[in-house]
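*Asks:* The following block contains the structure, expressed as structure tokens.
Please treat every number below as a calculation from the coordinates, not as lab data. Values in this document were obtained by computation on a predicted structure and should not be read as measured data. Quick reminder, even Gly has a Cβ in these numbers, built from the backbone with ideal geometry, and neighbours come from all protein chains shown.
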């Protein structure tokens, strides 16, 4: 991917200060080193990724200046072919529908043990601001569950299978070597509250904005994760949720 194919995220898109904590984009070699060190702890076993050189990196700093959380953010006009998600999912349907002209892909969310709900909320606030100011038509990504055994996540996945699959015309096709289809995942959700709590934070954020998920999960043995493709179509977002997104992104 060349820089000409990637929409550069301006620093001011992510700058938020709340309660002495700060959200900003990595700007120096030291910033990038700190982000990569935090990610190495959160995602052991992952090697270098070419996307890191062309994406922006969101940093959440605590009141003492320590890095609490980080996230890679890519805005691309070639997302269906060039994104991280496209390595595991066939996004041809999204591209043909014109949804891939400008897509924003957050990924590799990493948090330190010291990160609490304030750091998480500030992460979503900065992501919301980037989404609203970048011109992105879709917010999408791979939402990862820790642990590659899908049985471990059955309740949460059954919840997704029951009511959160995307429109058939836009669903991504299978591209990964090992997938689990939703017929295997489906089952009774006896405790909806517990199932919701078991969803990854990024996936809960997507669903809260009216997002949808793929009809299958991908097993990643290298990172020992199971993930589902998730997408929020900005044009189809209900006005109440759009207002909530604007409120979250505001100072």
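*Asks:* On a 0 to 90 degree scale, rounded to 10, what angle separates helix 29-42 from the longest Cα axis of the chain?
*Replies:* 30 degrees
*Asks:* Moving on. What is the Cα radius of gyration of region 7-63 over 2.2 N^0.38 Å, N being its residue count? Don't skip to the answer; put the middle values down first.
*Replies:* Values: Rg = 12.3 Å, N = 57, 2.2 N^0.38 = 10.2 Å.
Normalised Cα radius of gyration, region 7-63: 1.21.
*Asks:* Report for the chain the percent antiparallel among DSSP-assigned beta bridges with both residues inside it, nearest 5.
*Replies:* Values: 41 of 44 bridges.
Taking every DSSP beta bridge with both residues in the chain, the antiparallel ones total about 95 percent.
*Asks:* Enter the angle in degrees (range 0 to 90, nearest 10) between the Cα long axis of helix 239-249 and the first principal axis of the Cα atoms of the chain, meaning the one along which they spread out most.
*Replies:* Approximately 30 degrees, to the nearest 10.
*Asks:* Compute the orientation-averaged projected area for region 173-251 from the convex hull of its Cα atoms and round it to one decimal in nm². Walk me through the intermediate numbers first.
*Replies:* Working: hull surface 29.5 nm².
It is 7.4 nm².
*Asks:* Springs between alpha-carbon atoms under 10 Å, Gaussian network over the chain: tell me which of 30, 56, 143 tops the mean-square fluctuations.
*Replies:* Result for the chain, Cα springs under 10 Å: 30 fluctuates most.
*Asks:* Name the residue, out of 12, 137, 233, whose mean-square fluctuation peaks in a Gaussian network model built on the chain with Cα pairs under 10 Å.
*Replies:* Looking only at 12, 137, 233, the biggest GNM fluctuation is shown by 12.
*Asks:* Can you compute the helix-only [θ] at 222 nm over the chain? Use -39500 (n - 2.57) per DSSP H run of at least 4 residues, normalise by all residues, nearest 500 deg cm²/dmol. Kindly include the intermediate steps, with their values, before the conclusion.
*Replies:* Numbers: 9 runs with 80 residues, N = 251.
The per-residue figure over the chain is -9000 deg cm²/dmol.
*Asks:* Then there is this: Using a 10 angstrom cutoff on alpha carbons, build the Gaussian network for the chain and name the most mobile of 151, 165, 81.
*Replies:* 151
*Asks:* Mind pulling the angle between the C-alpha long axis of helix 117-134 and the longest principal axis of the chain? Nearest 10 degrees, somewhere in 0 to 90.
*Replies:* It works out to around 90 degrees.
*Asks:* Can you sort 191, 52 from fewest to most other Cβ atoms within 10 Å of each residue's own Cβ? Write out the running numbers ahead of the final one.
*Replies:* Values: 191 12, 52 15.
Ascending Cβ contact count within 10 Å gives the list 191, 52.
*Asks:* Using the count of nearby Cβ atoms within 10 Å as a rough guide to exposure, how do 89, 206, 84 rank from fewest to most? Display every interim value, and only then the final one.
*Replies:* Numbers: 89 27, 206 24, 84 20.
Arranged by neighbour count, lowest to highest, 89, 206, 84 become 84, 206, 89.
*Asks:* Now a separate question. By counting other Cβ atoms within 10 Å of each Cβ, how are 219, 232 ranked from fewest to most?
*Replies:* Working: 219 17, 232 24.
Fewest to most other Cβ atoms nearby, the residues stand as 219, 232.
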